[in-house]
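Engineer: Can you read through this structure? Questions will come right after.
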Amino acid sequence: MSLAKRYVSILTALVALFMMSLSVQAQQVDRKQPPAEFIQSVANQTLEVVKKDTAAQAGDRSAIERLVDQYVLPYVNFEKTTRLSTGRHWRQASASQRTELVDAFKNTLIRTYSGALANVDKLSAITVGPFRGDPAAADVVVRSTITQSNGPAVGVDYRMENTPEGWQIYDINVEGIWLIQNYRNQFSQVITEKGIDGLIKTLNTQSMPAQNP
């Protein structure tokens, strides 16, 4: 898969992740049910939710931020995603820098992937595959396939942790590219050149697109 096509696939997958989280809130899905059932039950509502929010589909930044703040944050562990993406450099960051990093990373993901909302069409579907792991494990991967009328099927894996409140998603794999691994390589380079504050500034001022592994 070319870099351009893979990038579009990642955009689509992130939208699926965001919108699945949104539908969890609306449908009161049990977050403590088996992991595959949890993902499938919320995925079934994804496209209807996307269609209803025309402002977000049009790329309205404030509308997207509202959806993420209200519906995504309770179900996605952005702190863990940011910490793992920062890697060993996380230990160098102060408490205030860590907070700024989490906020900056969240904002850069919104900014980078907001345009993908317009690419979600009425014929898209998310099918969760059979779960092969231990449903009682603390950390699991759920595999799925996203199909769409305007492109090829895309394999997407969701890595989740089992918290006292239920499942939380913290990483996503699209066609062999794990989100955390991709950003860890970029974060490390920026921190080496500019330090923690330099990474925060970079995240706040520009998007960091996916790279080839």
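Engineer: Sort out which residues of the range 35-63 are open to solvent by less than 30 Å² (accessible area, probe 1.4 Å), at pLDDT 70 or above and of a type in the set (Val, Ile, Thr), and write them in order of number.
Structural biologist: Ile39
Table: residues versus (1) modelled with pLDDT under 85; (2) touching a Leu at 6+ places or on another chain (Cβ under 7 Å); (3) within 27 Å of Asp30 (Cα to Cα).
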| site | (1), (2), (3) |
| --- | --- |
| Ala95 | no, no, no |
| Ala118 | yes, no, no |
| Arg132 | no, no, yes |
| Asp157 | no, no, yes |
| Pro164 | no, no, yes |
| Ile180 | no, yes, yes |
| Gln186 | no, no, no |
| Lys194 | no, no, no |
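Engineer: Just to check your reading of the model, which residue among Ile126, Ile169 is at pLDDT below 90, within 19 Å of Thr81 (Cβ to Cβ) and of a type outside the set (Lys, Arg)?
Structural biologist: Ile169
The values are calculated or read from the model by the stated rules, or taken from the named source; none is laboratory data. Predicted, not measured: the structure shown is a model, and the values here were computed from it. Heads up, the Cβs are rebuilt from the backbone with ideal geometry, glycines too, and the neighbour counts pull from every protein chain shown. Surface areas here come from the heavy atoms of the whole protein model, side chains and all, with no ligands, DNA or RNA. Shrake-Rupley method; radii C 1.70, N 1.55, O 1.52, S 1.80 Å.
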